[in-house]
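The values are calculated or read from the model by the stated rules, or taken from the named source; none is laboratory data. All values reported here derive from a predicted model rather than from experimental measurement. No Cβ is skipped: glycine too gets one built from the backbone with ideal geometry, and neighbour counts run over all protein chains shown. Accessible surface areas use protein heavy atoms only, side chains included; no ligands, DNA or RNA. Shrake-Rupley method; radii C 1.70, N 1.55, O 1.52, S 1.80 Å.
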Amino acid sequence: MECDKKYITIQQLEQHNKAGDLWVSINGKVYNVSDWSKYHPGGETPLLNLAGKDVTDAFTAYHPTTAWQYLNKFFTGYRLKDYEVSEVSKDYRNIIHEFTKAGMFENKGHTAVFTLTSVAAMFGFVFYGVLCCNSLWVHLCSAMVLGMAWIQSAYIGHDSGHYIVMSGHGWNKFVQLITGNCLTGISIAWWKWTHNAHHIACNSLDYDPDLQHIPVFAVSSRLFNSVTSSFYGRKLEFDYMARILISYQHWTFYPIMCVARVNLYIQTLLLLFSKRQVQDRTLNIMGIIVFWTWFPLLVSWLPNWSHRVMFVLTSFVVISIQHVQFCLNHFSANVYVGPPNGNDWFEKQTNGTLDISCSPWMDWFFGH
(Lines give C-alpha, C1' and ligand atoms only; values in the text may rest on other atoms or scores of the structure.)
Protein backbone atom coordinates (compact mmCIF):
# COMPACT_ATOMS: atom_id res chain seq x y z
CA MET A 1 0.00 0.00 0.00
CA GLU A 2 1.10 3.59 -0.68
CA CYS A 3 1.03 4.50 3.03
CA ASP A 4 3.49 1.70 3.82
CA LYS A 5 6.15 3.01 1.42
CA LYS A 6 9.12 4.95 2.78
CA TYR A 7 10.36 8.05 1.00
CA ILE A 8 13.44 10.26 0.95
CA THR A 9 14.04 13.51 -0.92
CA ILE A 10 16.47 14.11 -3.76
CA GLN A 11 18.54 16.21 -1.35
CA GLN A 12 18.80 13.26 1.05
CA LEU A 13 19.80 10.95 -1.80
CA GLU A 14 22.55 13.37 -2.85
CA GLN A 15 24.21 12.98 0.56
CA HIS A 16 25.13 9.37 -0.32
CA ASN A 17 27.60 10.34 -3.03
CA LYS A 18 30.97 8.80 -2.21
CA ALA A 19 32.82 5.50 -2.05
CA GLY A 20 31.55 3.45 0.88
CA ASP A 21 28.29 5.40 0.94
CA LEU A 22 26.99 5.21 -2.60
CA TRP A 23 23.26 5.34 -3.34
CA VAL A 24 21.50 5.78 -6.67
CA SER A 25 17.89 5.75 -7.80
CA ILE A 26 16.35 3.95 -10.76
CA ASN A 27 12.74 4.65 -11.70
CA GLY A 28 12.24 6.36 -8.35
CA LYS A 29 13.47 3.43 -6.24
CA VAL A 30 16.65 3.95 -4.18
CA TYR A 31 19.47 1.39 -4.22
CA ASN A 32 22.58 1.06 -2.05
CA VAL A 33 25.47 -0.05 -4.27
CA SER A 34 28.29 0.87 -1.86
CA ASP A 35 29.67 -2.68 -1.63
CA TRP A 36 28.72 -3.72 -5.14
CA SER A 37 30.64 -0.84 -6.77
CA LYS A 38 33.93 -2.72 -6.29
CA TYR A 39 32.59 -5.64 -8.35
CA HIS A 40 30.67 -3.64 -10.95
CA PRO A 41 31.64 -5.03 -14.41
CA GLY A 42 31.85 -1.49 -15.75
CA GLY A 43 34.18 -0.41 -12.95
CA GLU A 44 33.63 1.81 -9.93
CA THR A 45 34.17 5.13 -11.71
CA PRO A 46 30.81 5.28 -13.58
CA LEU A 47 28.96 4.69 -10.29
CA LEU A 48 30.98 7.35 -8.47
CA ASN A 49 30.32 9.85 -11.26
CA LEU A 50 26.55 9.46 -10.79
CA ALA A 51 26.54 8.77 -7.03
CA GLY A 52 23.58 10.27 -5.20
CA LYS A 53 21.64 10.81 -8.43
CA ASP A 54 18.90 9.22 -10.52
CA VAL A 55 20.62 6.91 -13.02
CA THR A 56 17.61 5.47 -14.83
CA ASP A 57 18.61 6.58 -18.33
CA ALA A 58 22.26 5.61 -17.90
CA PHE A 59 21.33 2.23 -16.45
CA THR A 60 18.91 1.57 -19.31
CA ALA A 61 21.50 2.55 -21.91
CA TYR A 62 24.37 0.38 -20.65
CA HIS A 63 22.74 -2.71 -19.21
CA PRO A 64 20.87 -5.62 -20.82
CA THR A 65 17.28 -6.23 -19.77
CA THR A 66 18.47 -9.21 -17.70
CA ALA A 67 20.26 -6.81 -15.32
CA TRP A 68 16.98 -5.51 -13.89
CA GLN A 69 16.34 -8.77 -12.03
CA TYR A 70 19.41 -8.17 -9.81
CA LEU A 71 18.34 -4.77 -8.51
CA ASN A 72 16.08 -5.95 -5.68
CA LYS A 73 18.97 -7.13 -3.51
CA PHE A 74 20.30 -3.55 -3.45
CA PHE A 75 16.91 -1.92 -2.73
CA THR A 76 17.04 0.22 0.43
CA GLY A 77 13.28 0.23 0.91
CA TYR A 78 13.15 3.93 0.05
CA ARG A 79 11.62 5.72 -2.89
CA LEU A 80 12.17 9.26 -4.09
CA LYS A 81 9.49 11.57 -2.76
CA ASP A 82 9.97 14.26 -5.41
CA TYR A 83 10.84 12.02 -8.35
CA GLU A 84 10.08 13.62 -11.71
CA VAL A 85 11.02 12.71 -15.26
CA SER A 86 11.78 15.32 -17.91
CA GLU A 87 9.92 15.21 -21.20
CA VAL A 88 13.12 14.40 -23.09
CA SER A 89 13.86 11.48 -20.76
CA LYS A 90 10.30 10.20 -21.23
CA ASP A 91 10.78 10.27 -24.99
CA TYR A 92 14.14 8.52 -24.69
CA ARG A 93 12.70 5.74 -22.53
CA ASN A 94 9.80 5.27 -24.95
CA ILE A 95 12.24 4.92 -27.84
CA ILE A 96 14.27 2.33 -25.93
CA HIS A 97 11.06 0.42 -25.15
CA GLU A 98 9.97 0.41 -28.80
CA PHE A 99 13.42 -0.63 -30.05
CA THR A 100 13.54 -3.46 -27.50
CA LYS A 101 10.11 -4.71 -28.57
CA ALA A 102 11.25 -4.66 -32.19
CA GLY A 103 14.24 -6.87 -31.30
CA MET A 104 16.81 -4.27 -32.34
CA PHE A 105 19.02 -4.99 -29.31
CA GLU A 106 19.05 -8.74 -29.75
CA ASN A 107 22.43 -10.41 -30.24
CA LYS A 108 23.29 -10.58 -33.93
CA GLY A 109 26.38 -12.74 -33.84
CA HIS A 110 26.81 -12.80 -37.62
CA THR A 111 28.12 -9.21 -37.52
CA ALA A 112 30.88 -10.14 -35.08
CA VAL A 113 31.74 -13.27 -37.07
CA PHE A 114 31.98 -11.26 -40.30
CA THR A 115 34.27 -8.67 -38.70
CA LEU A 116 36.47 -11.31 -37.06
CA THR A 117 36.73 -13.14 -40.40
CA SER A 118 37.76 -9.96 -42.19
CA VAL A 119 40.35 -9.22 -39.46
CA ALA A 120 41.78 -12.75 -39.80
CA ALA A 121 42.01 -12.34 -43.57
CA MET A 122 43.80 -8.99 -43.24
CA PHE A 123 46.31 -10.39 -40.73
CA GLY A 124 46.90 -13.32 -43.09
CA PHE A 125 47.71 -10.87 -45.89
CA VAL A 126 50.05 -8.90 -43.61
CA PHE A 127 52.03 -11.96 -42.54
CA TYR A 128 52.25 -13.25 -46.10
CA GLY A 129 53.46 -9.88 -47.38
CA VAL A 130 56.15 -9.59 -44.71
CA LEU A 131 57.32 -13.20 -44.55
CA CYS A 132 57.13 -14.16 -48.22
CA CYS A 133 57.96 -10.96 -50.15
CA ASN A 134 60.98 -8.65 -50.33
CA SER A 135 59.41 -5.73 -52.19
CA LEU A 136 59.23 -2.42 -50.30
CA TRP A 137 55.86 -1.68 -51.90
CA VAL A 138 54.43 -4.99 -50.74
CA HIS A 139 55.71 -4.25 -47.25
CA LEU A 140 54.10 -0.81 -47.29
CA CYS A 141 50.80 -2.30 -48.52
CA SER A 142 51.05 -4.87 -45.73
CA ALA A 143 51.55 -2.06 -43.22
CA MET A 144 48.44 -0.28 -44.53
CA VAL A 145 46.43 -3.48 -44.23
CA LEU A 146 47.76 -3.97 -40.70
CA GLY A 147 46.50 -0.50 -39.79
CA MET A 148 43.08 -1.38 -41.20
CA ALA A 149 43.11 -4.69 -39.29
CA TRP A 150 43.85 -2.78 -36.08
CA ILE A 151 40.94 -0.45 -36.81
CA GLN A 152 38.47 -3.33 -37.22
CA SER A 153 39.95 -5.18 -34.22
CA ALA A 154 39.39 -2.09 -32.09
CA TYR A 155 35.75 -1.88 -33.15
CA ILE A 156 34.94 -5.50 -32.35
CA GLY A 157 36.78 -5.03 -29.05
CA HIS A 158 34.72 -1.90 -28.45
CA ASP A 159 31.43 -3.64 -29.16
CA SER A 160 32.27 -6.72 -27.09
CA GLY A 161 33.31 -4.39 -24.26
CA HIS A 162 29.89 -2.74 -24.28
CA TYR A 163 27.64 -5.77 -24.66
CA ILE A 164 27.52 -9.46 -25.53
CA VAL A 165 28.34 -10.01 -29.22
CA MET A 166 29.10 -13.74 -28.92
CA SER A 167 27.09 -16.70 -27.66
CA GLY A 168 28.08 -16.21 -24.00
CA HIS A 169 30.10 -14.17 -21.51
CA GLY A 170 33.12 -16.49 -21.75
CA TRP A 171 33.42 -16.21 -25.52
CA ASN A 172 32.73 -12.50 -25.29
CA LYS A 173 35.64 -11.99 -22.87
CA PHE A 174 37.81 -14.14 -25.14
CA VAL A 175 37.04 -11.86 -28.10
CA GLN A 176 37.83 -8.78 -25.97
CA LEU A 177 41.25 -10.10 -25.01
CA ILE A 178 42.12 -11.34 -28.50
CA THR A 179 41.02 -8.24 -30.46
CA GLY A 180 42.20 -5.79 -27.81
CA ASN A 181 45.24 -7.05 -25.94
CA CYS A 182 46.64 -9.69 -28.30
CA LEU A 183 46.09 -8.03 -31.69
CA THR A 184 46.31 -4.31 -30.95
CA GLY A 185 48.43 -4.16 -27.78
CA ILE A 186 45.83 -2.06 -25.96
CA SER A 187 44.37 -3.51 -22.77
CA ILE A 188 40.62 -4.05 -22.71
CA ALA A 189 40.84 -3.31 -18.97
CA TRP A 190 42.34 0.13 -19.70
CA TRP A 191 39.71 0.74 -22.37
CA LYS A 192 36.83 -0.14 -20.02
CA TRP A 193 38.29 2.02 -17.25
CA THR A 194 38.43 5.16 -19.40
CA HIS A 195 35.65 4.47 -21.89
CA ASN A 196 32.90 3.75 -19.37
CA ALA A 197 33.75 6.96 -17.54
CA HIS A 198 33.64 8.77 -20.88
CA HIS A 199 30.18 7.48 -21.71
CA ILE A 200 28.67 8.26 -18.33
CA ALA A 201 29.90 11.88 -18.37
CA CYS A 202 30.26 12.43 -22.10
CA ASN A 203 32.12 15.70 -22.83
CA SER A 204 32.33 16.85 -19.23
CA LEU A 205 35.63 18.71 -19.01
CA ASP A 206 36.38 17.48 -15.49
CA TYR A 207 34.72 14.02 -15.56
CA ASP A 208 35.37 12.74 -19.10
CA PRO A 209 38.98 11.49 -19.49
CA ASP A 210 38.70 11.60 -23.29
CA LEU A 211 38.78 15.40 -23.18
CA GLN A 212 41.63 15.71 -20.70
CA HIS A 213 44.71 16.12 -22.90
CA ILE A 214 46.44 19.05 -21.19
CA PRO A 215 49.23 20.07 -21.85
CA VAL A 216 49.06 18.93 -25.50
CA PHE A 217 45.47 19.74 -26.54
CA ALA A 218 42.59 21.81 -25.15
CA VAL A 219 39.05 21.49 -26.51
CA SER A 220 37.72 24.47 -24.56
CA SER A 221 39.06 27.74 -23.17
CA ARG A 222 37.59 26.69 -19.81
CA LEU A 223 40.55 24.35 -19.46
CA PHE A 224 42.76 27.45 -19.27
CA ASN A 225 41.54 27.78 -15.67
CA SER A 226 43.37 24.57 -14.63
CA VAL A 227 40.35 22.30 -14.14
CA THR A 228 40.65 19.48 -11.59
CA SER A 229 40.11 16.06 -13.16
CA SER A 230 37.62 13.97 -11.20
CA PHE A 231 38.77 10.93 -13.17
CA TYR A 232 42.52 11.20 -12.55
CA GLY A 233 42.20 12.93 -9.19
CA ARG A 234 44.63 15.72 -10.04
CA LYS A 235 44.67 19.25 -11.37
CA LEU A 236 45.10 19.72 -15.12
CA GLU A 237 47.60 22.55 -14.90
CA PHE A 238 47.48 25.13 -17.67
CA ASP A 239 51.12 26.10 -17.17
CA TYR A 240 53.75 27.70 -19.38
CA MET A 241 54.39 24.49 -21.36
CA ALA A 242 50.67 23.92 -21.93
CA ARG A 243 50.26 27.51 -23.14
CA ILE A 244 52.99 27.01 -25.75
CA LEU A 245 51.84 23.58 -26.97
CA ILE A 246 48.15 24.49 -27.16
CA SER A 247 48.85 27.69 -29.08
CA TYR A 248 50.15 25.44 -31.88
CA GLN A 249 47.62 22.59 -31.59
CA HIS A 250 46.07 23.48 -34.95
CA TRP A 251 49.43 22.52 -36.49
CA THR A 252 50.39 19.63 -34.23
CA PHE A 253 47.06 17.79 -34.10
CA TYR A 254 47.46 15.53 -37.17
CA PRO A 255 51.19 14.76 -36.67
CA ILE A 256 50.44 13.76 -33.07
CA MET A 257 47.54 11.59 -34.23
CA CYS A 258 50.02 9.69 -36.41
CA VAL A 259 51.94 8.54 -33.33
CA ALA A 260 49.06 8.59 -30.82
CA ARG A 261 49.27 4.80 -30.69
CA VAL A 262 52.40 5.08 -28.57
CA ASN A 263 50.48 6.94 -25.87
CA LEU A 264 47.87 4.16 -25.73
CA TYR A 265 50.60 1.55 -25.28
CA ILE A 266 52.04 3.59 -22.41
CA GLN A 267 48.63 4.13 -20.78
CA THR A 268 47.96 0.39 -20.96
CA LEU A 269 51.21 -0.46 -19.17
CA LEU A 270 50.73 2.28 -16.57
CA LEU A 271 47.33 0.85 -15.60
CA LEU A 272 48.22 -2.84 -15.65
CA PHE A 273 51.26 -2.31 -13.45
CA SER A 274 49.64 0.23 -11.13
CA LYS A 275 48.16 -0.34 -7.68
CA ARG A 276 44.63 0.25 -8.98
CA GLN A 277 42.11 -2.56 -8.86
CA VAL A 278 42.10 -4.06 -12.37
CA GLN A 279 39.65 -6.74 -13.46
CA ASP A 280 41.37 -9.77 -15.01
CA ARG A 281 44.80 -8.16 -14.57
CA THR A 282 46.70 -11.41 -15.23
CA LEU A 283 44.77 -12.17 -18.43
CA ASN A 284 45.29 -8.62 -19.63
CA ILE A 285 49.03 -8.78 -19.01
CA MET A 286 49.25 -12.14 -20.79
CA GLY A 287 47.44 -10.67 -23.79
CA ILE A 288 49.83 -7.71 -23.90
CA ILE A 289 52.78 -10.13 -23.81
CA VAL A 290 51.30 -11.90 -26.85
CA PHE A 291 51.20 -8.59 -28.75
CA TRP A 292 54.73 -7.58 -27.78
CA THR A 293 55.91 -11.00 -28.94
CA TRP A 294 54.37 -11.25 -32.40
CA PHE A 295 54.61 -7.58 -33.44
CA PRO A 296 58.37 -7.09 -32.85
CA LEU A 297 59.07 -10.50 -34.41
CA LEU A 298 57.04 -9.54 -37.49
CA VAL A 299 58.86 -6.22 -37.84
CA SER A 300 62.25 -7.89 -37.30
CA TRP A 301 61.56 -10.19 -40.27
CA LEU A 302 61.74 -7.21 -42.64
CA PRO A 303 65.06 -7.07 -44.52
CA ASN A 304 66.50 -3.80 -43.15
CA TRP A 305 65.88 -0.90 -40.78
CA SER A 306 64.49 1.43 -43.44
CA HIS A 307 61.78 -1.10 -44.26
CA ARG A 308 61.07 -1.59 -40.55
CA VAL A 309 60.74 2.10 -39.75
CA MET A 310 58.53 2.76 -42.78
CA PHE A 311 56.40 -0.30 -41.97
CA VAL A 312 55.71 0.80 -38.39
CA LEU A 313 55.10 4.46 -39.32
CA THR A 314 52.77 3.51 -42.17
CA SER A 315 50.68 1.24 -39.95
CA PHE A 316 50.51 4.01 -37.31
CA VAL A 317 49.43 6.59 -39.91
CA VAL A 318 46.59 4.34 -41.11
CA ILE A 319 45.36 3.65 -37.56
CA SER A 320 45.47 7.41 -36.92
CA ILE A 321 42.30 7.63 -39.04
CA GLN A 322 40.50 5.99 -36.12
CA HIS A 323 42.00 8.42 -33.60
CA VAL A 324 40.87 11.36 -35.74
CA GLN A 325 37.39 9.84 -36.01
CA PHE A 326 37.06 9.62 -32.23
CA CYS A 327 38.17 13.24 -31.89
CA LEU A 328 35.70 14.40 -34.55
CA ASN A 329 32.87 12.64 -32.70
CA HIS A 330 33.41 14.66 -29.52
CA PHE A 331 36.00 17.46 -29.76
CA SER A 332 33.73 19.59 -31.95
CA ALA A 333 30.59 19.04 -29.84
CA ASN A 334 29.34 20.90 -26.78
CA VAL A 335 31.21 20.62 -23.48
CA TYR A 336 30.28 21.37 -19.87
CA VAL A 337 31.76 21.28 -16.37
CA GLY A 338 30.61 18.88 -13.63
CA PRO A 339 28.79 15.54 -13.74
CA PRO A 340 25.51 15.05 -15.62
CA ASN A 341 22.30 15.02 -13.61
CA GLY A 342 19.72 12.29 -13.78
CA ASN A 343 17.21 14.28 -15.79
CA ASP A 344 19.66 15.81 -18.24
CA TRP A 345 21.86 12.79 -18.83
CA PHE A 346 20.40 11.97 -22.25
CA GLU A 347 20.53 15.61 -23.39
CA LYS A 348 24.22 15.85 -22.49
CA GLN A 349 24.93 12.58 -24.28
CA THR A 350 23.46 13.91 -27.51
CA ASN A 351 24.91 17.42 -27.13
CA GLY A 352 28.38 15.95 -26.59
CA THR A 353 28.36 13.65 -29.63
CA LEU A 354 28.59 14.43 -33.33
CA ASP A 355 27.42 11.78 -35.79
CA ILE A 356 28.71 11.91 -39.35
CA SER A 357 26.60 10.43 -42.14
CA CYS A 358 28.56 7.97 -44.32
CA SER A 359 27.98 5.67 -47.25
CA PRO A 360 27.44 1.96 -46.40
CA TRP A 361 31.04 0.87 -47.13
CA MET A 362 32.36 3.69 -44.95
CA ASP A 363 29.99 2.60 -42.19
CA TRP A 364 31.84 -0.72 -42.12
CA PHE A 365 35.25 0.94 -42.23
CA PHE A 366 34.35 3.25 -39.33
CA GLY A 367 32.88 0.51 -37.15
CA HIS A 368 29.24 1.32 -37.96
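Close Cβ contacts (under 8 Å, 6 or more residues apart or on different chains) running from residues in the stretch 270-298 that are in the same structural domain as THR194 (by the TED database) to residues that are part of a loop (DSSP other than H, G, I, E, B) and of a type in the set (A, V, I, L, M) comprise LEU271/VAL278; LEU272/VAL278; ASN284/VAL278. The residue list LEU272, LEU245 contains one member that is more than 27 Å from LEU131 (Cα to Cα) and under 25 Å from the mean Cα position of the chain (by Cα), which is LEU272. Scanning the stretch 62-74 turns up at least one residue that is buried (at least 16 other Cβ atoms within 10 Å of the Cβ), assigned to a helix (DSSP H, G or I) and modelled with pLDDT of 90 or more.
Across the stretch 155-172, the number of residues qualifying as within 26 Å of SER320 (Cα to Cα) and in a helix (DSSP H, G or I) comes to 8. If you go through the stretch 75-110 and keep only what is under 27 Å from LYS5 (Cβ atoms), in contact (Cβ under 8 Å) with a residue 60 or more places away in the chain and in a helix (DSSP H, G or I), you end up with SER89, TYR92. Within the stretch 7-41, can you find the residues that are open to solvent by 20 Å² or more (accessible area, probe 1.4 Å), outside any helix (DSSP H, G or I), touching a residue at least 60 places away in the same chain (Cβ under 8 Å) and not aromatic (Phe, Trp, Tyr)? Within the stretch 7-41, THR9, PRO41 qualify. Test SER221 against the stated conditions and say whether it is more than 28 Å from GLU106 (Cβ to Cβ) and under 18 Å from the mean Cα position of the chain (by Cα). Against the criterion (more than 28 Å from GLU106 (Cβ to Cβ) and under 18 Å from the mean Cα position of the chain (by Cα)), SER221 does not qualify. Inspection of the stretch 300-319 finds a residue satisfying the criterion of being surrounded by 14 or more Cβ atoms within 10 Å (Cβ to Cβ), free of Cβ contacts under 8 Å to residues at least 12 places away in the same chain, within 23 Å of MET144 (Cβ to Cβ) and over 18 Å from the mean Cα position of the chain (by Cα). For the stretch 110-123, the set of residues classified as out of contact with any Ser or Thr (no Cβ under 8 Å at 6 or more places or on another chain) and open to solvent by 40 Å² or more (accessible area, probe 1.4 Å) consists of HIS110, THR111, VAL113, PHE114, THR117, ALA120, ALA121, listed by residue number. Looking only at the stretch 234-268, residues that are within 22 Å of HIS323 (Cβ to Cβ), touching a residue at least 24 places away in the same chain (Cβ under 8 Å) and among the aromatic types (Phe, Trp, Tyr) come to 3 in all. Close contacts from the stretch 352-368, counting a first residue that is free of Cβ contacts under 8 Å to residues at least 60 places away in the same chain and a second that is open to solvent by 60 Å² or more (accessible area, probe 1.4 Å), with Cβ to Cβ under 6 Å and a gap of 6+ residues or different chains, come to LEU354/SER332.
Being open to solvent by less than 40 Å² (accessible area, probe 1.4 Å) and of a type in the set (A, V, I, L, M, F, W, C) is the filter; apply it to the stretch 259-278 and report the residue that is farthest from GLU44 (Cα to Cα).
As a first pass, look at the stretch 259-278 and keep what is open to solvent by less than 40 Å² (accessible area, probe 1.4 Å): 260-261, 264-265, 268, 271-272, 274, 278.
Of the ones still in play, those that are also of a type in the set (A, V, I, L, M, F, W, C) are 260, 264, 271-272, 278.
Details: ALA260: 27, LEU264: 21, LEU271: 15, LEU272: 16, VAL278: 11 Å.
That would be ALA260.
Looking across the stretch 330-364 at every residue that is part of a helix (DSSP H, G or I) and surrounded by 17 or more Cβ atoms within 10 Å (Cβ to Cβ), the one that is modelled with the highest pLDDT is identified as HIS330.
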